[in-house]
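S.K.: What follows is a single structure, and I will ask about it in a moment.
The values are calculated or read from the model by the stated rules, or taken from the named source; none is laboratory data. Remember, predicted model here, so these are calculated numbers, not experimental data. We place every Cβ from the backbone using ideal geometry, glycine too, and count neighbours over all the protein chains shown.
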Amino acid sequence: MNRLVLEMDQKKSTLNLGWIRCAWGRFADDRRGVSAVEFALIAPVMIAILFGIIEVSLLLTADRKVTRATNAIADLVAQDDIITADEMTDIFTATSTIMQPYDVSGLQMRVTSVVMAANGNVAVDWSEGKNRTPRAPGSNVVLPNGLLQPNTSIIMAEVDYGYVSTLGTFLSSPINLSEVFYLRPRRALKVTGP
């Protein structure tokens, strides 16, 4: 009798192993869930790349707006021969509008008229700023070589902007965007400032 029980136990264990082998074989051959598993592995990486591309494109858009704003300041001032404090306020306001839809509370702007005397000394004639300290009249300014000739002037516009990502996924700290533009006065040798 013991022999019969032992043979039955061996048959049961053989049956159980056979069932497991059969189930494992069906599972290994089944390809229906492969796409879902691959998607689950790739989706987080693809979503991270998508957010990275969005953040970089928003940063580049802000940088282009800073460039346009700096150009606008220099261009509007260079078109005038005498500029008043009210005109400067209007120019700074118009320039802030260029930066929309970005937050302009931290936008720093400064426009400076730089002159070169007959002896070659380069100095500030006048300067105005918004959220930024104007340069002191008569102070020295370093300009690129060959930009000025004796008895001429140039309008130098400077804009600094602390870009903060709207998403904050990868660019979590502010990035400083700066631009400087130089334009010659169009109507006179020197723009008379406020």
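S.K.: Any residue in the range 46-65 that is surrounded by fewer than 12 Cβ atoms within 10 Å (Cβ to Cβ) sitting within a Cβ distance under 8 Å of a residue that is charged (D, E, K, R) and not in a helix (DSSP H, G or I)? List the pairs, counting only those 6 or more apart or interchain.
M.R.: Close Cβ pairs (under 8 Å, with a partner that is charged (D, E, K, R) and not in a helix (DSSP H, G or I)) do not exist here.
S.K.: Continuing with the same structure: So, of the residues in the range 126-172 that are of a type in the set (Val, Ile, Thr) and closer than 21 Å to ALA69 by Cβ, which turns out to be surrounded by the fewest Cβ atoms within 10 Å (Cβ to Cβ)?
M.R.: Of the range 126-172, the ones of a type in the set (Val, Ile, Thr) are 133, 141-142, 152, 154-155, 159, 164, 166, 169.
Cutting the leftovers down to closer than 21 Å to ALA69 by Cβ gives us 133, 141, 154-155, 159, 164, 166.
Working: THR133: 9, VAL141: 15, ILE154: 24, ILE155: 27, VAL159: 29, VAL164: 15, THR166: 14.
The extreme case among them is THR133.
S.K.: Which of the helices (runs of 4 or more DSSP H) contained wholly in the range 1-118 include at least 2 residues that are among the polar types (S, T, N, Q) and at pLDDT 90 or above? Show your work before the answer.
M.R.: Working: elements: 2-29, 34-78, 85-98.
Qualifying helices (runs of 4 or more DSSP H): 34-78, 85-98.
S.K.: Further question on the same structure: Scan the range 46-97 for residues that are touching a helix residue (DSSP H, G or I) at 6+ places or on another chain (Cβ under 8 Å) and of a type in the set (Asp, Glu) and jot them down.
M.R.: ASP80
S.K.: Pick from the range 111-125 the residues that are surrounded by fewer than 16 Cβ atoms within 10 Å (Cβ to Cβ) and either within 18 Å of ALA85 (Cα to Cα) or among the polar types (S, T, N, Q) (or both): which of them is nearest to the chain's Cα centre (by Cα)?
M.R.: ASN121
S.K.: Do we have GLY193 as in contact (Cβ under 8 Å) with a residue 24 or more places away in the chain, small (Gly, Ala, Ser) and buried (at least 19 other Cβ atoms within 10 Å of the Cβ) here? Spell out the reasoning first.
M.R.: Details: in contact (Cβ under 8 Å) with a residue 24 or more places away in the chain: yes; small (Gly, Ala, Ser): yes; buried (at least 19 other Cβ atoms within 10 Å of the Cβ): yes.
Taking the combined requirement at face value, the residue satisfies it.
S.K.: Can you name every residue in the range 77-120 that is out of contact with any strand residue (DSSP E or B) (no Cβ under 7 Å at 6 or more places or on another chain), within 17 Å of LEU143 (Cα to Cα) and of a type outside the set (A, V, I, L, M)?
M.R.: Matches in the range 77-120: ASN119, GLY120.
S.K.: Collect the residues in the range 167-192 that are assigned to a loop (DSSP other than H, G, I, E, B), of a type outside the set (Ser, Thr, Tyr), under 25 Å from GLY106 (Cα atoms) and out of contact with any Gly (no Cβ under 7 Å at 6 or more places or on another chain), keeping them in residue-number order.
M.R.: Pass one, the range 167-192, residues assigned to a loop (DSSP other than H, G, I, E, B): 167-174, 184-191.
With of a type outside the set (Ser, Thr, Tyr) added as a condition, the list becomes 167-168, 170-171, 174, 184-191.
In the following step, the residues that additionally are under 25 Å from GLY106 (Cα atoms) were identified as 167-168, 170-171, 174.
Within the range 167-192, LEU167, GLY168, LEU171 meet the criteria.
S.K.: Quick check on the range 124-139. Is at least one of its residues touching a strand residue (DSSP E or B) at 6+ places or on another chain (Cβ under 6 Å), aromatic (Phe, Trp, Tyr), closer than 25 Å to ASN176 by Cα and not in a loop (DSSP other than H, G, I, E, B)? Before the answer, list the steps.
M.R.: Just the residues of the range 124-139 that are touching a strand residue (DSSP E or B) at 6+ places or on another chain (Cβ under 6 Å), to begin with: 124-132, 134-135, 137-139.
Next, from what is left, pick out any that are aromatic (Phe, Trp, Tyr): 126.
Narrowing further to those that are closer than 25 Å to ASN176 by Cα: none.
No; the residues of the range 124-139 include none that is touching a strand residue (DSSP E or B) at 6+ places or on another chain (Cβ under 6 Å), aromatic (Phe, Trp, Tyr), closer than 25 Å to ASN176 by Cα and not in a loop (DSSP other than H, G, I, E, B).
S.K.: Is it true that some residue in the range 169-192 is in contact with a Phe, Trp or Tyr (Cβ under 7 Å, 6 or more places away or on another chain) and more than 25 Å from TYR102 (Cβ to Cβ)?
M.R.: No.
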